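*Asks:* I have a structure here, written as structure tokens, and I will follow up with some questions on it.
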Amino acid sequence: MTEVAIIGGGPAGLMAAERLAQAGVAVTVYDRMPSVGRKFLLAGRGGLNLTHSEPIEAFLPRYGAAAQRLAPLIEAFPPSALIAWAEALGQPTFVGTSGRVFPKALKASPLLRAWLGRLRDLGVTVRTRHDWLGWDTAGALRFRTPDAETSARPDAAILALGGASWPKLGSTGDWAEVLAAQGVAVAPLKPANAGFDVAWSEIFRDRFAGQPLKAAALTFGRVRVRGEALVTRHGLEGGAVYALSAALRDAIAAEGSARLWTDLRPDAREPELQAKIALTPANQSLANRLRKALHLSPLETNLLREAHGKDLPSDPAALAKAVKGAPLTLTAARPIARAISTAGGVDFAALDARLMLTACPGVFAAGEMLDWEAPTGGYLLQASFATGVAAADGVLGWLAAEPS
């Protein structure tokens, strides 16, 4: 019987395992952790965002430079297919107000339990605490286990080892050196959907760390994002920041810093704000004027001081302008270990159309270890699932073409 090894028990690896097992292939999933799907469970801690409901014409450009390469893979396994898959596992979904798609249970654990049950029924073997080390001189897969080193010689293999974010959950990125030694082109791994450092004053950091900016709009370059941002002791986190993180990260790498503009009242124009401020008595404190006229919170008022200096202008026009554009200097992305996802990875030029490594015939790659990135909102999981399907189909096509 044909045997395929899948290294990595995240969404891409498990989806590939299901696809192959349904085709009658004997599948063994190897994972370095004591259980599979650990990062998948983390992704569902605040509500498992499986995919997004927007039209495919708007969906695909979310993948930026990798959109053209990912397009046929996602079109072959689109959001509708992922939703149908989840519902077939007894996990109905719903579309949130933002267009994001969630299972009604919201958590990842019920879906993962049902999925692992299906894989067991299909005969998939799962071997945990198997840390992949590469290949031996005879071409066998090497694994380190708690007891000893072991090896396997499957007919084909799929690598689905993830990126390098949240390494304590298993995705350390140490596979990059192993593949580079085999002549596989690997783009440097970088944090994606990450927060950024801001040199807050000590008083601001101590007083406001952990508080959210709920009604702001963030602008970098020509891109403006509405959403929530969270002030941390280090700087800024949150969905609105993550949506801009790729451009911000690359700008910091090139220039040493990036200026992020914050509009604290995005639903009002400057003349409207100016008129409201002008109605407040000039002899009141600036904080009181901003609170009464614009309902600015202490966090927002003090963020203005971080951006414009301690002595804000008292003139209504200048003050309105400051509220509409507060520049924050970002000095570094947060470490990759704390990022939601990873950019960089196996270069698509190192893969054929089936996602097989051209330097390693019979070895395929899928998921976050490929060189793509996307914002949060369901795009990360969608591409992981879709590339898992594509790699499995690639294996089946390659095995069918190989002489017996």
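*Asks:* What net charge is computed for the residues neighbouring THR51, neighbours being all others with C-beta under 14 Å from the C-beta of THR51, Lys and Arg scored +1, Asp and Glu -1?
*Replies:* -1
*Asks:* May I pose another question? Total Lys pairs in the chain closer than 23 Å by alpha-carbon, pairs eight or more apart in sequence or interchain only?
*Replies:* Close lysine pairs under the 23 Å cut-off: 20.
*Asks:* In whole Å, how far is the Cα centre of region 337-387 from that of region 1-53?
*Replies:* Using only Cα atoms to place each centre, the spacing works out to 14 Å.
*Asks:* Could you give the dipole magnitude of the chain about its Cα centre, charging the beta-carbon of Lys and Arg +1 and that of Asp and Glu -1, in debye to the nearest 20?
*Replies:* For the chain, the charge dipole is close to 1520 debye.
*Asks:* May I pose another question? At a 10 Å Cβ-Cβ cut-off, how would you order MET15, MET1, MET356, MET33, fewest neighbours first?
*Replies:* MET1, MET33, MET356, MET15
*Asks:* Here's another thing I want to ask about it. What does the charge count around LEU179 come to, taking other residues whose C-beta lies under 13 Å from its C-beta (Lys +1, Arg +1, Asp -1, Glu -1)?
*Replies:* -4
*Asks:* Of ALA365, ALA317, ALA16, which is the most mobile in a GNM of the chain whose springs link Cα atoms less than 10 angstrom apart?
*Replies:* ALA317
*Asks:* Then there's this: Who wins for biggest fluctuation among ASP315, ASP347, ASP147 in a Gaussian network model of the chain, springs between alpha carbons below 10 Å?
*Replies:* ASP147
*Asks:* So, R0 is 45 Å and r is the distance between the beta-carbons of ARG338 and ASN288; what FRET efficiency does that work out to, to 0.05?
*Replies:* The formula returns an efficiency of 0.75 here.
*Asks:* Right, another one. Quick one: 3J(HN,Hα) in Hz for region 46-57, Karplus 6.51/-1.76/1.60 with θ = phi - 60°, rounded, Gly and Pro as x.
*Replies:* Coupling constants for region 46-57: x, x, 6, 8, 5, 7, 10, 8, 5, x, 4, 5 Hz.
*Asks:* Let me have the 222 nm mean residue ellipticity of the chain computed from DSSP H runs of 4+ only, each contributing -39500 (n - 2.57), with the sum over all residues rounded to the nearest 500.
*Replies:* Value at 222 nm, helices only: -10500 deg cm²/dmol.
*Asks:* Output wanted: per-residue J couplings in Hz (rounded whole) for region 114-119, from phi through Karplus 6.51 cos²θ - 1.76 cosθ + 1.60, θ = phi - 60°, x for Gly and Pro.
*Replies:* Residue by residue, region 114-119 yields 5, 5, 5, x, 5, 4 Hz.
*Asks:* Under 5 Å between amide H atoms, partner at least 5 residues away or on a different chain: which partners does THR93 have, H built in plane at 1.01 Å?
*Replies:* LYS104
*Asks:* Assign unit charges at the C-beta atoms only (+1 for Lys and Arg, -1 for Asp and Glu), then state the dipole size of region 261-317 relative to its Cα centre in Debye, rounded to the nearest 20.
*Replies:* About 220 debye.
*Asks:* Tabulate in residue order the Karplus-calculated ³J(HN,Hα) for region 89-104, using 6.51 cos²θ - 1.76 cosθ + 1.60 with θ = phi - 60°, rounded to whole Hz; enter x for Gly and Pro.
*Replies:* Result, ordered by residue: 8, x, 10, x, 10, 9, 9, x, 5, 7, x, 6, 10, 10, x, 4 Hz.
*Asks:* For LEU351, enumerate residues with amide H under 5 Å from its amide H, sequence gap 5+ or separate chain, H modeled in the peptide plane.
*Replies:* Counting only residues 5 or more places away or on other chains, the set is THR358.
*Asks:* Roughly what % antiparallel, to the nearest 5, for the DSSP beta bridges in the chain?
*Replies:* DSSP beta bridges in the chain are roughly 70 percent antiparallel.
*Asks:* Loop-only check: which trypsin sites (Lys or Arg not before Pro) in region 304-404 are DSSP coil with at most 11 other Cβ within 10 angstrom?
*Replies:* LYS310
*Asks:* Let me ask something additional. Between LEU42 and THR331, what is the label-point separation in nm under the 7 Å Cα-to-beta-carbon projection?
*Replies:* Going by the 7 Å Cα→Cβ label model, 2.6 nm.
*Asks:* What net charge is computed for the residues neighbouring SER80, neighbours being all others with C-beta under 13 Å from the C-beta of SER80, Lys and Arg scored +1, Asp and Glu -1?
*Replies:* -3
*Asks:* While we're looking at this one, here's another question. If you keep only loop residues by DSSP, which trypsin sites (Lys or Arg not before Pro) in region 62-132 have at most 14 other Cβ atoms within 10 Å of their Cβ?
*Replies:* Qualifying residues, ordered by number: LYS104.
*Asks:* Enumerate by residue number the chymotrypsin sites (Phe, Trp or Tyr not before Pro) in region 342-396 meeting two conditions: DSSP loop (anything except H, G, I, E, B), and at most 10 other Cβ atoms within 10 Å of the site's Cβ.
*Replies:* The qualifying sites: there are none.
*Asks:* What translational D, rounded to a whole number of µm²/s, comes out for region 319-404 from Stokes-Einstein when the hydrodynamic radius is the Kirkwood one over Cα pairs, at 10 °C and 1.306 mPa s?
*Replies:* 101 µm²/s
*Asks:* Separate question: Can you give me the C-alpha center-to-center distance between region 104-158 and region 214-230, rounded to a whole angstrom?
*Replies:* 41 Å
*Asks:* When the chain is modelled as a GNM with alpha-carbon springs shorter than 10 Å, which of LEU122, LEU279, LEU370 fluctuates the most?
*Replies:* LEU279
*Asks:* Oh, and also: Taking amide H positions as placed 1.01 Å from N in the peptide plane, with prolines and chain starts having none, which residues 5 or more places from TYR30, or on another chain, fall under 5 Å of its amide H?
*Replies:* Amide H to amide H, under 5 Å and 5 or more residues apart or across chains, TYR30 pairs with ILE6, ILE7, GLY8, ARG127.
*Asks:* Which label marks the calculated value of Cα extents along the principal axes in Å, given the options [x] 62, 45, 38; [y] 106, 43, 42; [z] 88, 42, 38?
*Replies:* Checking each listed value against the structure points to [z].
A short reminder: the numbers here are calculations on the coordinates, not readings from a lab. Since this is a predicted model, take the numbers as computed values, not measurements. Please note: Cβ atoms are built from the backbone with ideal geometry, for glycine as well, and neighbour counts cover all protein chains shown.
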